[in-house]
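Here is the structure we will look at.
Bear in mind that the values in this text are calculations on the coordinates, not laboratory data. Worth saying up front: this structure is predicted, and the values here are computed from it rather than measured. Cβ placement follows ideal geometry from the backbone for every residue including glycine, while neighbour counts extend to all protein chains displayed.
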Amino acid sequence: MNKKESILKVENLKVYFPVYSGFFRKVTGYIRALEKVSFEIKREEVVGIVGESGCGKSTLLKSITMLVPPTEGKIVFSYNKNSYVLNEVTYRELVELRPFIQIVFQDPFSSLNPRMRVWNLLSEPLQLHASLSRQDVKERVEEILVSVGLDPSHVYRFPHQFSGGERQRIAIARALILRPSLLLLDEPTSLMYHCRHRF
Ligand SMILES: Nc1ncnc2c1ncn2[C@@H]1O[C@H](COP(=O)(O)OP(=O)(O)OP(=O)(O)O)[C@@H](O)[C@H]1O
Ligand SMILES: [Mg+2]
């Protein structure tokens, strides 16, 4: 595989959040969270984004995953020798591409459904995006739990039955289970601390 192959290109990305005020909630201004951001990530590259609090790091990651749609600019994701402008593709294409771009949020506690057991949290992405037999799903769930340093026998526990660091590992396992080609980690230093033997 060509290591120099581009996997993500962000071109002149702008994300503005409208500011509403007054009785009629009129748009009176914009928060310019991202202003003309451009960079490229190649296959097998690890890129860090550093900046002060509120400078737009989380917004950038949410925008790459289309959770926050860009106001202007392009997000080009390359997969299987094809390039897709994520903010221009059809909804159907976006649904097909989503499994290949995974994100671990800055606050993984709020991204794990407290009513779902670890088994459901980890098997759900596989059932949605990969056609695997129940036995294969079970094996993949066990394998990923071991790889993030969790005990596979705890698979029927709920998120609140784990420590904070263990919960972060569940969020990492959920992002990794689909074997994505692009992994986005918000605040990776704290995530790496909790998984320091594995990264
Ligand atoms: N949904 C939203 N609506 C309005 N403004 C928002 C929204 N999300 C983020 N912002 C604003 O956009 C700016 C960038 O926020 P963001 O969360 O991306 O910062 P950050 O770099 O991740 O900060 P931190 O290091 O504290 O996590 C901030 O001024 C924030 O208040
Ligand atoms: Mg942030």
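Results, tabulated for the structure shown:
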{"quantity": "Inter-probe distance in nm under a simple model that places probes 7 Å from Cα toward Cβ, at Ile49 and His154", "calculated": "3.0"}
{"quantity": "Binned Cα-Cα distance frequencies in segment 1-89 - 10 Å width, integer %", "calculated": "16, 42, 28, 10, 4, 1"}
{"quantity": "Ellipticity estimate at 222 nm from DSSP helix runs (n ≥ 4, -39,500 (n - 2.57)) divided over the chain, nearest 500", "calculated": "-9500 deg cm²/dmol"}
{"quantity": "Cut-off under 5 Å, modelled amide H: who pairs with Asn87 long-range", "calculated": "Ile75"}
{"quantity": "Amide hydrogen neighbours beyond the local backbone of Glu72, cut-off 5 Å, H modeled", "calculated": "Lys14"}
{"quantity": "Largest-first ellipsoid semi-axes for the chain, taking √(5λ) over the Cα gyration tensor eigenvalues, angstrom", "calculated": "31, 22, 17"}
{"quantity": "Residue (of Val68, Pro18, Ser58) at the positive-pole extreme of segment 1-89, dipole from beta-carbon charges", "calculated": "Pro18"}
{"quantity": "Net charge contributed by nearby residues that have their C-beta within less than 15 Å of Gln102 (K/R +1, D/E -1)", "calculated": "+3"}
{"quantity": "Net dipole in debye of the chain [+1 Lys, Arg Cβ; -1 Asp, Glu Cβ; about Cα centre; nearest 20]", "calculated": "220"}
{"quantity": "Over 16 Å [Cα-Cα, segment 91-199], rounded percent", "calculated": "56"}
